[in-house]
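The values are calculated or read from the model by the stated rules, or taken from the named source; none is laboratory data. Please read all numbers here as calculations on a predicted model, not as lab measurements. Cβ: placed from backbone, ideal geometry, glycine included. Neighbour counts: every protein chain shown.
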Amino acid sequence: MPTSSEVPCEEHVFEAEPFYLPVKDEVELFEAAYKARLPVNLKGPTGCGKTRFLEYMCWRLGKEGGFEIPLITVACHEDLTAGDLVGRYLLHGEETVWVDGPLAAAVKQGAVCYLDEVVEARKDTMVLIHPLADHRRMLPLEKKGTFIRANPNFLLVVSYNPGYQSMLKDMKFSTRQRFAAIDFGYPQRELETRIIAGEAGVDNDIAEKLALLGERSRNVGETALEEGPSTRLLIYAARLMAQGVEPRRACETAIVLPVSDDPVVQQVLRDLAATVFPQP
């Protein structure tokens, strides 16, 4: 798929089942939204499994429907323009040709288009998705003076972290109310243990200790941490341990230092890691 070189875009078709363990009823909700072709907003903290969930759902829905459902992911940022998403005219030799952006490509081929961290994009850019995220299901191409009607299999999905993004940027109400929303959070300790063990290939004892560390770290106090360690970081720590890194050092590298630059908070996390992984 040709895209502008400025757009961090990925396209995947999932032949093998991505590893995902449901936390609540998010699988059933997304299936219903897809069947109704309702655009979906995945809300939750970073590293809690939103992207993996969407990968799993593309695989699952494709298997159930008997056809491939590609996932086109765009990492949104403040310099993302309408041309980056929709497309633009580019010079090829002596000719000027139109090159579809990732959103236009997804609309045409019936893919799931995932705008990751959507509020990071400029608000004027996000307005262009409005006619695509309501009953019209069409994408205007202003530079061509035309529009594209969405393939029946197309679905628009965005992600949003209300925990920290709402303090800096927020989604416009006119955009927010075009999406059905599914809430995500960090899983309970027992389930997070299974996720860590499954993702990192470590034994249940290590996975259980890391899940306990995650739970305790997220509850050290509202003023100390904006966000505790994500499930993703706990998996990173487990993978380091699987490579022979000493547990406390693995926690330092994958949890303590990524979570905070505050020396006081770092020490709190080190102390928690020491209680969970005591020296032999």
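Some notes on this structure:
- Every test in (1) in contact (Cβ under 8 Å) with a residue 12 or more places away in the chain; (2) assigned to a helix (DSSP H, G or I) is passed by I69 save one, and that test is (2).
- Filter result (closer than 17 Å to N219 by Cα and more than 28 Å from the chain's Cα centre (by Cα)) within region 245-269: V264, Q267, V268
- Filter result for the condition that a residue is surrounded by 14 or more Cβ atoms within 10 Å (Cβ to Cβ) and among the acidic types (D, E), over D79, D124, D116: D116
- Between A242, A200, the distinction of being touching a residue at least 40 places away in the same chain (Cβ under 8 Å) and more than 16 Å from G47 (Cα to Cα) belongs to A242 only.
- Selected residue [among the small types (G, A, S), under 24 Å from R176 (Cβ atoms) and either surrounded by fewer than 18 Cβ atoms within 10 Å (Cβ to Cβ) or not assigned by TED's automatic domain parsing to the domain that holds R52 (or both)] from G101, G163, G110: G163
- Filter result for the condition that a residue is in contact with a Lys or Arg (Cβ under 7 Å, 6 or more places away or on another chain) and modelled with pLDDT of 95 or more, over L71, L42, L54, L61: L42
- Of all residues in region 10-30, exactly one satisfies the criterion of being at pLDDT below 95 and either among the basic types (K, R) or assigned to a helix (DSSP H, G or I) (or both), namely K24.
- Lone unmet requirement of (1) touching a residue at least 24 places away in the same chain (Cβ under 8 Å); (2) within 30 Å of K209 (Cβ to Cβ) for N151: (2)
- Check on R270, surrounded by fewer than 19 Cβ atoms within 10 Å (Cβ to Cβ) and within 22 Å of G49 (Cβ to Cβ): no
- Looking at V256, V245, V268, just one residue is modelled with pLDDT under 95 and either in contact with a helix residue (DSSP H, G or I) (Cβ under 8 Å, 6 or more places away or on another chain) or in a helix (DSSP H, G or I) (or both), and that residue is V268.
- For region 228-242, the tally of residues that are surrounded by fewer than 16 Cβ atoms within 10 Å (Cβ to Cβ) and either at positive phi or modelled with pLDDT under 95 (or both) stands at 0.
- Scanning region 19-50 for residues that are more than 13 Å from L156 (Cβ to Cβ) and touching a strand residue (DSSP E or B) at 6+ places or on another chain (Cβ under 6 Å) returns E26, L29, K43, K50.
- Long-range neighbours under 6 Å by Cβ, at least six apart or interchain, first residue farther than 22 Å from M126 by Cβ within region 83-104, second in a strand (DSSP E or B) and hydrophobic (A, V, I, L, M, F, W, C): Y89/W98; L90/V99
- Considering only residues in region 31-55 that are assigned to a helix (DSSP H, G or I) and out of contact with any Phe, Trp or Tyr (no Cβ under 8 Å at 6 or more places or on another chain), the one that is surrounded by the fewest Cβ atoms within 10 Å (Cβ to Cβ) turns out to be A36.
- Filtering region 82-98 to residues that are exposed (fewer than 15 other Cβ atoms within 10 Å of the Cβ) and not in a strand (DSSP E or B) leaves G93, E94.
- Residue among L132, L115 that alone is more than 16 Å from L42 (Cβ to Cβ) and assigned by TED's automatic domain parsing to the domain that holds L54: L132
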